[in-house]
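The structure under discussion appears below in the form of structure tokens.
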Amino acid sequence: MSIADLLLDLRGLSVDIGRGPTALRVVNDLSLTVRRGEAVGLVGESGSGKSMTAFAIMNLFPSPLARVASGQVLLEGRDLAQLNPAELRAVRGARVGMVFQDPTSYLDPLMPVGRQIAEPLRAHGRTEGLEARVLELLDMMELPNAARVARQYPHELSGGMRQRILIAAALAMRPALLIADEPTTALDVTVQAGILKLLMRLRRELDLGILLITHDLAVVAETCQRVNVMYAGQVVESNEVAPLFAAPRHPYTQGLLGSILSPRSRAHSLFSIPGSVPIAGHWPPGCRFHPRCPIARDGICDSAVPALRPRAAGADRCHLSDEPIAADAWRRNEVT
Ligand code: SF4
Ligand code: MG
């Protein structure tokens with residue numbers, strides 16, 4: 001990979017909520033990269049810090065208490081965490097676009113969608129050829145009869161069409177990176193498949209880098225080239241998609257995979273990881289996954305913090321990942 005291919009480079013990113021001794025660290029020393037034209041998954045259960053990571057990239061948090069505590073957010077070589085508010089506004093939308101789970105709450109119900117797609121262009125001072133650009137974007141989103149759709153209001157469109165409108169607005173300024181946070185979670189399965197296909201096409205045709213945030217590994221399998229699995233504010237495993245699905249190394253990844261496909265179990269024996277993600281910032285000592293891990297070892301996993309160890313391909317954060325027992329951590333729990 002040449003330096004020029006590297007689009008997003010998060011280095012040791014930590015996010016805190018609050019300040020001083022009571023601050024909660026909700027994202028801890030997270031590193032990941034996205035290259036040009038590449039889709040990278042960030043996957044984990046809700047509460048793992050995925051969305052906080054996305055907000056940190058844009059330095060646009062939903063709460064004034066949240067902030068980037070340390071680390072670098074390099075986009076095309078510039079550290080976004082060091083930019084002043086005006087510089088940051090120039091980057092947002094122009095170099096990075098963002099789409100979220102629920103399109104409805106990000107659209108103005110009283111404004112025709114065509115005008116909403118043009119909004120980022122206006123905000124960046126592009127006032128010429130707006131109408132043509134909006135129609136071009138609507139075509140790109142595979143919405144038939146673009147001129148008519150542009151005049152419609154959000155409530156006249158389906159959920160899937162509304163998400164396409166938001167993607168069009170996010171891409172209006174031709175950003176190099178799209179951050180998509182659970183973009184299909186609120187949609188039903190057939191609509192979801194259409195949006196994922198669209199994102200894949202846009203990635204190829206626009207050489208767009210995509211950071212796809214999801215709780216659903218099946219979505220990652222269909223869309224991404226590489227994946228980072230996040231648990232309790234940390235990346236616990238990262239790899240290319242094919243080897244990660246074929247031979248997951250971390251017990252948490254194995255558990256997530258077991259909940260979408262369980263080759264040895266029968267139908268209706270859908271597996272799920274017992275327990276739940278700890279409350280953000282109140283992480284257990286040692287390995288943060290140890291209270292839920294089927295192979296946790298007393299005296300090690302409950303006290304020593306595992307480092308993220310680079311492998312020939314990818315990396316994982318588990319004391320026992322070299323031991324045979326870790327290759328199939330959940331076997332004894334499976335229905336036979
Ligand atoms: Fe399980 Fe221990 Fe590995 Fe954590 S370090 S995932 S508790 S085996
Ligand atoms: Mg989220």
With the chain treated as a Gaussian network of Cα nodes joined by springs under 10 Å, which of Met230, Met161, Met98 yields the largest mean-square fluctuation? Met161
Rounded to whole angstrom, the alpha-carbon centroid of segment 165-200 lies from that of segment 48-72 at a distance of 21 Å
Label points 7 Å out from Cα along the Cβ direction at Arg201 and Asn145: separation in nm? 1.9 nm
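For the chain, calculate the relative contact order in percent as a whole number, restricting contacts to Cα pairs under 8 Å that are 6 or more residues apart.
Details: 638 pairs, mean separation 68.1, N = 336.
Computed value for the chain: 20 percent relative contact order.
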Please compute the modelled spin-label separation between Ser272 and His124, points set 7 Å along Cα→Cβ, answer in nm with one decimal. 4.2 nm
Proximal charge balance of Pro278 [Cβ under 13 Å; K/R count +1, D/E count -1]: +2
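Give, as a single signed number, the net charge of other residues whose beta carbon lies under 12 Å from the beta carbon of Asn228, with Lys and Arg counted +1 and Asp and Glu -1. Working shown, then result.
Numbers: positive: Lys50, Arg226, Arg317; negative: Glu237, Glu240, Asp316.
My count for the surroundings of Asn228 gives 0.
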Fully extended, how many nm does the chain gain between Arg78 and Ala132 (0.36 nm per residue separation, minus their Cα-Cα distance)? 16.3 nm
Can you pull out the chymotrypsin sites (Phe, Trp or Tyr not before Pro) in segment 41-133 whose DSSP state is coil and whose Cβ has at most 11 other Cβ atoms within 10 Å? none
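State, as an integer percentage, the relative contact order of segment 109-174 based on alpha-carbon contacts under 8 Å between residues 6 or more apart.
Working: 67 pairs, mean separation 34.1, N = 66.
Relative contact order comes out at 52 percent.
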At a Förster distance of 22 Å, what's the computed FRET efficiency of Ile279 paired with Asp328, Cβ-Cβ distance as r, to 0.05? 0.15
Give the calculated FRET efficiency between Arg309 and Val189 to the nearest 0.05, with a Förster radius of 30 Å applied to their Cβ-Cβ distance. 0.25
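Every number here is computed from the coordinates shown, using simple stated rules; none is lab data. Since the model is a prediction, treat every value here as computed from it, not as a measurement. In this analysis, Cβ positions are derived from the backbone assuming ideal geometry, glycine residues included, and neighbour counts consider all displayed protein chains.
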